[in-house]
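This report refers to the structure that appears directly beneath it.
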Amino acid sequence: MRSLFHFAFNVSDLDQARRFYGDVLGCTEGRSTDSWVDFDFVGHQLSVHLGQPFKTERTGHVGDTLVPMPHFGLVLALPDWQAMAKRLQAAGTDFLFAPQVRFEGQPGEQWTMFFCDPFGNPLEIKGFRDLDAIYAA
């Protein structure tokens, strides 16, 4: 069964959200009102609403690294991840964790990058050579 996720969260400025999610990440804008905007996030629905963004902290243990929690993001095929990394680098993104490989040579080998949207909402974008290896143990 294939399904899509819907994630709704707060931002403090819809025009700035449009620039980031639309122009930087390349998401297509969908429906909107004066208090929220929907975006196509690589086939998934993001709904940004005016309000106070989540409080986040680096409390997620991944190996020897503390990652921001909560966070959300995407899992992409490696060529798509590489294209996204180039797009973000060209936009001057301030990465929390620059594009890198993690768990190299191990089950679950993945490329990852962490950054925040303009409102402090952390995103992680992962890339896999083989999407069937996402849950490899």
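A cut-off of 5 Å between modelled amide H atoms, ignoring neighbours fewer than 5 places along the same chain, links L96 with F114, F115, C116.
Seen through its C-alpha gyration tensor, with square-root eigenvalues sorted a ≥ b ≥ c, the range 6-50 comes out oblate because a/c lies at 1.5 or above while a/b is not bigger than b/c. Annotation note: trypsin sites (Lys or Arg not before Pro) in the range 65-137 located in DSSP loop regions with a Cβ neighbour count of at most 13 within 10 Å are R129.
Please work out, to two decimal places, the log10 of the ratio I(q)/I(0) at q = 0.17, 0.18 Å⁻¹ from a Debye calculation in which every Cα of the chain carries one identical scatterer. Taken in order of the listed q values, log10 I(q)/I(0) reads -0.99, -1.10.
Taking F72, F39, F103 as the candidate residues, the one with maximal mean-square fluctuation in a Gaussian network model of the chain, Cα springs under 10 Å, is F103. Using alpha-carbon pairs under 8 Å, 6+ residues apart, how would you state the relative contact order of the chain in percent? Over the chain, the number comes to 21 percent.
Amide H contacts of K126 (H built 1.01 Å from N, in plane; Pro and chain starts excluded): L74, V75, L76 sit under 5 Å, all sequence-distant by 5 or more or on other chains.
Going by average Cβ density within 10 Å per residue, which order do the peptides 18-26, 53-61 take, highest to lowest? Before the final figure, lay out the partial values.
On the way: 18-26: 16.6, 53-61: 12.8.
Order by mean packing, descending: 18-26, 53-61.
Close amide H contacts of R102 (hydrogens built in the peptide plane, cut-off under 5 Å, sequence separation of 5 or more or a different chain): Q110, W111, T112.
Where a number appears in this text, it was derived from the coordinates with a stated rule and is not lab data. Computed from a predicted model, the values in this text were never measured in an experiment. Every residue, glycine among them, receives a Cβ derived from its backbone with ideal geometry; neighbour counts consider all protein chains shown.
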